[in-house]
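Coordinate-derived values only; no laboratory data. Remember, it's a predicted structure, so these values are computed and weren't measured experimentally. Note: ideal-geometry Cβ built from the backbone for every residue, glycine included; neighbour counts use all protein chains shown.
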Amino acid sequence: MTKIVNHWIGGKTAEGASGTFGPVTDPATGAVTTKVAFASVEEVDAAVAAAKEAYLTWGQSSLAQRTSILFKFRALLDAHRDEIAELITAEHGKVHSDALGEVARGLEIVDLACGISVQLKGELSTQVASRVDVSSIRQPLGVVAGITPFNFPAMVPMWMFPMAIACGNTFVLKPSEKDPSASIKIAELLAEAGLPDGVFNVVHGDKVAVDRLLEHPDVKAVSFVGSTPIARYIHTTASANHKRVQALGGAKNHMLVLPDADLDAAADAAVSAAYGSAGERCMAISAVVAVGAIGDELVQKIRERAEKIKIGPGNDPTSEMGPLITAVHRDKVASYVAGAAAEGCEVVLDGSAYTYEGAGFEDGHWIGISLLDKVPTTAKAYQDEIFGPVLCVLRAETYEDGVALINSSPFGNGTAIFTRDGGAARRFQLEIEAGMVGVNVPIPVPVGYHSFGGWKDSLFGDHHIYGNDGTHFYTRGKVVTTRWPDPADAPTGVDLGFPRNH
C-alpha cells in the first residue's frame, strides 16, 4: 500500500481534502513509494487561521517558555537524527552521511534559537532630555511562512522556523512536494516537545499553495530558498502584497585557483564541493577558474579523484554519491554534457550515460561524474545553474582576469580562492562580488551565528537568512520615548514620601 503524506495543521495531521496528490519516488529505484496531498486554497487558509489563532498567545509568551520548548525539541531532534536522515535518503536519494550532515547543520540553527534571548535584547538611553528616556525593542510579526526546496528537506526549514518561533511568530511551512516526509517528522517532534497547537503548520502542494501564501493578508513575511526565477517571482509577488520577503535564489559558485595553491588540496576541495550530494546544492562549486599554467595539472588531479567516486544507493554505506531527485532532472543535467563539445568545451569525463548495476535499480535516476575543461563563458553548461554533478573548468591568465570573470556572472552566492598568498586572499575577499567567500574553504556556508545569503541574482530582499539577519527579519523594531513626572512634583496636599529637591 502506497504511503500518503498529509498536512499538519493546528497540532495534528490533516488529511488532504483537495483530491489532488503528487507522486514521491525513491530516486534509487524510480518507484513511486508515496503520495503527497496537495493543498487547496481552503486548506492553506485553514493552516494560516490556525497559526493566527495560536499567535494570540504564542506572541505574548515568555522567552523562557519559547526557549525551553526549543531545548526539548533539540534533544528530540538529536535523538531522531538517524530516522530523519533515512527519510531524506529514501525520498531525495543523497547518501546517508550527507543526510546526517544536513540534520547536523539544521541543529546549529536550533542551537542559535535556543539562545535567542541575547539577540532580542533592546536598548535604553536615559536622560536624552530632562526626565526623558528612549528605549528600542523588537517584537514578532505574526504569521510567517517558509517555502523550501527539495535539496535540503530538513536543513533549510530549520534555517527558518526555529528563529521565527523563538522570536514569537507562528509558522506555516510549504516544503518541496518531492520529499515531504522529513517536514512531517519535524512537526511531530515539535509537538512532542510541547509546542502549542498551531504554532508550526505544514501544507504540501504546488503553485496553488504557494500563491495563496504569497497573497494571504494574514501572512506577514515569507522566506524562500530555490531557483533564481522562482525567487524573483516570490519576491515580486509577496512584496506587492505588502509582505516582508527574503528570497534566496540560484548560484554559479566559482573557485579561483592561483598558481601558488596546493593543487592536491584544491583538487580534493573541487571534487567534494562539486560532486557532493550529487551537485544538488546551491553552494556547490560548479566552476573552477584555473589561473596561469596550472590548468592541465589541476584538471588531471580532479579527474583522478572524480573517477574514484563510488556511485550507488544512498542507503548503501559504501556509496559516496547517490542518484538525482527525479528522472526529468537527470535528463536535464545530462543534456548539458551532451551539448558541451559543440559549444567548445573539452569533455574530460562524461557521466551522462551512467547506470547502476543491481537488481531493482534499473529505473533509478542515475547519472555519473562529468568534468568539462576549457569551458567558454558562452556555453550553457557555464551560464546555467545545472544543479547536478557537472564541473566546469575555465582558464584565466591572471588573478585580475579571474576576478573579472567571476564578477561578470549574474550570480553572487558563494565563491572561494585557493592560494598560499595572504595578500591575494585579502584582495579577493574585498574585490569579489559575492555574499559568502571561502579562503582555502570550498563551501563557505557560515556557521549559525553568522548569516547566509548571496548578492546579485542570488538574493532578492534585504535580509540574509539565520544569524543576526534572521532575528531582524522575523521581528520589527519599536522605539518608545518616555517622560514621567518626578514624584516630588506631586500636587499640593499629596505626600508620597519623596523629598522636595527643587
- [ ] Using a cut-off of 12 Å between beta-carbons, work out the net charge of the residues near Ser136 (Lys and Arg +1, Asp and Glu -1, Ser136 not included).
- [x] +2
Task: Protection-proxy order for peptides 24-31, 138-145, each taking the mean of Cβ atoms within 10 Å per residue, highest first - done: 138-145, 24-31
TODO: Report, please, the projected area of region 59-194 averaged over directions, based on the convex hull of its C-alpha atoms, in nm².
DONE: 8.9 nm²
Task: Residues with amide H under 5 Å from that of Ile9, placed H, sequence gap 5 or more - done: Ala14, Val202
- [ ] Collect residues whose amide H, placed 1.01 Å from N in the peptide plane, falls under 5 Å from the amide H of Val393; neighbours closer than 5 in sequence don't count.
- [x] Val288, Leu372, Asp373, Lys374, Val375
Open item on the list: Quick check on the chain: helices-only [θ] at 222 nm, where DSSP H runs of length 4 and up contribute -39,500 (n - 2.57) each and the sum goes over total residues. Nearest 500, please.
Closed with: -11000 deg cm²/dmol
Open item on the list: Per residue, how big is the convex hull of region 325-435 when only Cα atoms are used? Give it in Å³.
Closed with: 131 Å³
Open item on the list: I'd like to compare 401-412, 351-362: which one has the highest average count of other Cβ atoms within 10 Å, and what's the full order after that?
Closed with: 401-412, 351-362
- [ ] Please report how far the C-alpha centroid of region 80-121 lies from that of region 425-474, rounded to the nearest whole angstrom.
- [x] 20 Å
Open item on the list: Ranking request for peptides 210-219, 387-396: highest mean number of other beta-carbon atoms within 10 Å first, then the rest in descending order.
Closed with: 387-396, 210-219
Open item on the list: Restricting everything to alpha-carbon atoms, can you work out Rg to Rh for region 57-98 with a Kirkwood hydrodynamic radius?
Closed with: 1.24
- [ ] Please report the Cα spread of region 135-269 along all three principal axes, rounded to whole Å, starting with the longest.
- [x] 56, 44, 37
Open item on the list: Using all alpha carbons of the chain, what is the percent of pairwise distances in each 10 Å bin, ordered from the shortest bin to the longest?
Closed with: 4, 18, 27, 24, 15, 7, 3, 2, 1, 0
Task: Most positive-pole-ward Cα, Ile137, Thr89, Val393, against dipole of the chain from beta carbon charges - done: Ile137
Task: Compactness of region 300-347, expressed as Rg and Dmax over alpha-carbon positions, Å - done: 13.6, 38
Task: FRET efficiency, Thr57 to Asp363 (Cβ-Cβ, R0 51 Å, nearest 0.05) - done: 0.55
Task: Cα-based equivalent ellipsoid, region 54-135: semi-axes from gyration tensor eigenvalues, Å - done: 41, 14, 10
- [ ] Taking amide H positions as placed in the peptide plane 1.01 Å from N, state which residues far from His216 in sequence (5 or more) or on other chains have amide H under 5 Å from it.
- [x] none
- [ ] Can you spot the lysines whose alpha carbon is less than 22 Å from Lys478's alpha carbon? Ignore those fewer than 8 places along the same chain.
- [x] Lys52, Lys121, Lys220, Lys243
Task: Karplus (6.51, -1.76, 1.60) ³J(HN,Hα), θ = phi - 60°, over region 318-325, in Hz, Gly and Pro reported as x - done: 8, 6, 10, 8, x, x, 7, 5
